[in-house]
1. Within the stretch 471-509, how many residues turn out to be surrounded by fewer than 16 Cβ atoms within 10 Å (Cβ to Cβ) and closer than 17 Å to E552 by Cα?
2. In the list F308, F239, which residue meets the criterion of being outside the structural domain of L550 (by TED's automatic domain parsing), touching a Ser or Thr at 6+ places or on another chain (Cβ under 8 Å), among the aromatic types (F, W, Y) and closer than 30 Å to T481 by Cβ?
3. All but one of (1) within 15 Å of the ligand (Cβ to nearest atom); (2) surrounded by fewer than 16 Cβ atoms within 10 Å (Cβ to Cβ); (3) under 33 Å from the mean Cα position of the chain (by Cα) hold for D7, so report the exception by its number.
4. A37 versus (1) farther than 24 Å from I215 by Cα; (2) of a type in the set (G, A, S); (3) surrounded by fewer than 17 Cβ atoms within 10 Å (Cβ to Cβ): which is the lone unmet condition?
5. Can you say whether E91 is within 16 Å of the ligand (Cβ to nearest atom) and either out of contact with any Cys (no Cβ under 8 Å at 6 or more places or on another chain) or assigned by TED's automatic domain parsing to the domain that holds L297 (or both), as far as the supplied structure shows?
6. Given the conditions (1) surrounded by fewer than 18 Cβ atoms within 10 Å (Cβ to Cβ); (2) within 17 Å of the chain's Cα centre (by Cα); (3) not charged (D, E, K, R), and given that A355 satisfies all but one, which numbered condition is not satisfied?
7. Let me spell it out: the conditions are (1) modelled with pLDDT of 90 or more; (2) part of a loop (DSSP other than H, G, I, E, B), and G93 meets all of them except one. Which number is the exception?
Amino acid sequence: MPFIDRDFINDLPNRVDIVGLINKRVALKKAGKDYKACCPFHEEKTPSFTVVPTKEIYHCFGCGESGGIIDFVMKYDHLSFVEAIETVAGESGISVIYDQTAKPVDKRFERYNQIMTELNNFYQKQLKSSSTKNKVISYAKKRGISGAIAKRFELGFAPAGWTNLFDQYTDKKDSIKDLLSMGMIVQKKDKKDDYYDRFRNRLMFPIHNAKGSVIGFGGRVLSPEDNPKYLNSPETPLFSKSKELYGLYHCRKYSRRIDSILVVEGYMDVIALHQQGITNVVATLGTATTPAHLQVLSRSADTIVFCFDGDKAGKDAAWKALKTSLPSITSGLIIKFLILPEGEDPDTIIKQESAKAFSKRIETAQTLSSFLIDHIKAEVPFDTIEGKTLFLEKSASLINMVNYPIYRQQLIEGIANTVGQNIIQVEKAVEQNKTQNAQFSKNIHSGINQNSPKPMTQKPSINSNLSMKSLMSRMISCVLTYPSIVNDPETSSVIEERARKLPQSDVLLELIRHAQVESDLSKEALILPYKAKERVYLRLQQLSTMEPFLSEFEAKEEFSYALTAAEKYYERKSTKASILSAKTHDEEKAVMKSIMKSKMKTEGQKKTP
Ligand SMILES: [Zn+2]
């Protein structure tokens, strides 16, 4: 993310023509010194949207929307702040001044973008000229993709053969390196300078970022015998599955208004819906919805509709999306769920029905609260007293994931209605669940605080109620439930390093490394490699159920507390061991001195971020 110069940002509104820029998007009419239009941000018949050029602002007297040109473009074009600055500057013919003292723009990224554009052109050309193009075209036609839509999404074809890309760049060493960094070629096992193409004989879907640059590819096989059916670019410096959404660029470009945004499971769904005129649609890229996705989505529309297949996997994915959504709910954001009949996806169903019928499905999608209640109800024997108690407990832990007070209250009311109890009783259950969670965190905190302020001359106490084993277990449980917490590019290597220094951390360390390679591995996949070691496997299975259940954010905090507590614990233990090993008084003094020294050093390191 480039940093834009502060002064440039402050000065930009004075340098551009607010009337001209808004008029490009909404037809303005002169009214005295000001300009008027029907407001693009709310439905109205008489214009109450006003642009005041002398003040460089706009204001709507109907809905209260107001701000400067950057606010307008952010809201109207559904862009982030930086993107809006770049757009306003670009449309006004002004070049953006980036802050040179901040992070320098990495030259590699320019090369990466360049090579991805070249490959995108290459694949598209192959779709037109390759000798096997007919096979691809007939496949696309069979799936109902028109030429216009194929062009809109820049579909291409990766021809069969192992070295199509490698051969093109064979005399450019840097390009080979870049292809490798972009995951487009793969190094052969045990052969250093030998590579093969990742995508072969596949229909290619370029993946664009929000600005429209190609950052990765997805490829689909043409014949049912080949597998895997879909293949995506791996994680690269340009492409991160947990952040990107397929079709976001096209959604913004081809939708006039984005009141709601539909989140589907695959790129064929996005394309099929565009084909039928439904353009406010994106897909996650072979991963569950992440908090980062939600951030982008909530900036793009006020209503997010998650659409899933009605089979077991689809329902599980929907439930996961619900849990990720709970902490993100804020004022004005509505989240809904559209569960399709089992075995259907948007692509198949919109062809059977009509675009109109499908739009109706989107409009009448289930609200988050009703989906939540139905789901927990189905998990417990709801007709019994025990079942109702269990229902209440499960709901309480989910309600505690919601930060937005009004929504929290509404959920409590909904749960009270469902279970036939009064609101105060439900509130009590929620409070109880919160106390249980807090108690656990407190235990971990006390494990840390107990020791840090104590002078080292005092005998360190090891009577913490948390042993190394239980801290390790807690960390493992956090990683199994949310592999992404150890996957933050800024902290992951530090975490790995810190875990490596702990005793008996092999399993934790392996899990961390595993999670870093593939961020969206399921728990089952993460523990599968231990199947042969029965005892470890059983223990990991136990640890994969998180009790009490925490949100991803809480788990991240907890992991970090547990890691620090484990370090303190280990430090304490080794201090004691070295003091005991000192034979003479002088030796003991030397040991103490070196401990004090290393302690001061680590304290000092912690203070500088
Ligand atoms: Zn308005």
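The values are calculated or read from the model by the stated rules, or taken from the named source; none is laboratory data. What you see is a predicted model; the values in this text were computed from it and never measured. Here the Cβ positions follow ideal geometry from the backbone for every residue, glycine too, while neighbour counts run over all protein chains shown.
1. 3
2. Details: F308 fails: touching a Ser or Thr at 6+ places or on another chain (Cβ under 8 Å).
Unique residue meeting the criteria: F239.
3. Evaluating D7 over (1) within 15 Å of the ligand (Cβ to nearest atom); (2) surrounded by fewer than 16 Cβ atoms within 10 Å (Cβ to Cβ); (3) under 33 Å from the mean Cα position of the chain (by Cα) leaves (1) as the failure.
4. The number of the failed condition is (3).
5. Details: within 16 Å of the ligand (Cβ to nearest atom): no; either out of contact with any Cys (no Cβ under 8 Å at 6 or more places or on another chain) or assigned by TED's automatic domain parsing to the domain that holds L297 (or both): yes.
Judged against the criteria, E91 is not a match.
6. For A355, the failing item is (2).
7. Of (1) modelled with pLDDT of 90 or more; (2) part of a loop (DSSP other than H, G, I, E, B), only one is false for G93: (1).
For (1) in a loop (DSSP other than H, G, I, E, B); (2) outside the structural domain of I258 (by TED's automatic domain parsing); (3) within 21 Å of P237 (Cβ to Cβ); (4) modelled with pLDDT under 90, each residue gets a yes or a no:
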| site | (1), (2), (3), (4) |
| --- | --- |
| F72 | no, yes, no, no |
| V82 | no, yes, yes, yes |
| T87 | no, yes, no, no |
| Q100 | yes, yes, no, yes |
| Q114 | no, yes, yes, no |
| Q124 | no, yes, no, no |
| S131 | yes, yes, no, yes |
| K135 | no, yes, no, yes |
